[in-house]
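Asker: To start, I am sharing the structure in question, which I have written as structure tokens.
The values are calculated or read from the model by the stated rules, or taken from the named source; none is laboratory data. Note that the structure is a prediction, hence the values are computed from the model and not measured. A quick note on method: Cβ atoms are made from the backbone with ideal geometry, for glycine too, and the neighbour counts reach across all protein chains shown. Surface accessibility is based on the protein's heavy atoms, side chains included, excluding ligands, DNA and RNA. Shrake-Rupley method; radii C 1.70, N 1.55, O 1.52, S 1.80 Å.
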Amino acid sequence: AITSAFRAPGEGQPGAWAGPACDRCQLGWFGSACQSQCPGFTAATLDAAVGVCHGHGVCNEGRFGDGGCLCHATPELGYWQGADCVECHADFYGADCPRPCPAADPYGTGLSVVCGGHGVCESGRNGGGQCTC
């Protein structure tokens, strides 16, 4: 739990500080002076743990963090990519990017290839997962 009042950069001591001794960054903030917000963070989202990386990843936050997003890659949370985890990972589709594009093993090698290696999948958040041969 954040034990100090929010203090935006430029108000009082610069930075978004938290903790009993005001010695760590609030959730969703990073940098040596807690001066930068994590990508995908929105002020409208009070739960910073959900609001960072557009809710699709984990931010390398804190005083020693660089603000980079590590995007989720699970069936439950979706398969995401991009600097702020806002795009489906290649060859996944659906609003929350949970479904893989159809794949087949056309050469009997034990390795599945998207669209059997002979087509392009309609991937992405608005994609339907259909292969175009």
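Asker: At R0 = 35 Å, how high is the FRET efficiency between F64 and R125 if r is their beta carbon distance? Nearest 0.05 is fine. Kindly include the intermediate steps, with their values, before the conclusion.
Answerer: Numbers: r = 33 Å, r/R0 = 0.94.
Efficiency computed from Cβ-Cβ geometry: 0.60.
Asker: Under a Cβ-Cβ cut-off of 15 Å, what is the net charge of the residues other than C69 that fall near it, where Lys and Arg count +1 and Asp and Glu count -1? Kindly include the intermediate steps, with their values, before the conclusion.
Answerer: On the way: positive: none; negative: E61, D66, D84, E87.
That works out to -4.
Asker: Using a 1.4 Å probe and counting only protein heavy atoms, arrange E76, E122 so the residue with the most accessible area comes first. All intermediate terms of the calculation are to be shown ahead of the outcome.
Answerer: On the way: E76 150, E122 90 Å².
Per-residue accessible area, sorted high to low, gives E76, E122.
Asker: To the nearest µm²/s, what D does Stokes-Einstein give for segment 90-132 at 20 °C and 1.002 mPa s, using the Kirkwood radius over alpha carbon pairs as Rh?
Answerer: Once the numbers are plugged in, D ends up at 208 µm²/s.
Asker: OK, next. Quick check: convex hull over the Cα atoms of segment 57-101, volume per residue in Å³, rounded to an integer?
Answerer: Each residue corresponds to 57 Å³ of Cα convex hull volume.
Asker: Just add up the charged neighbours of G129: K/R +1, D/E -1, any other residue whose Cβ is under 11 Å from the Cβ of G129.
Answerer: Cβ neighbours under 11 Å give a net charge of -1.
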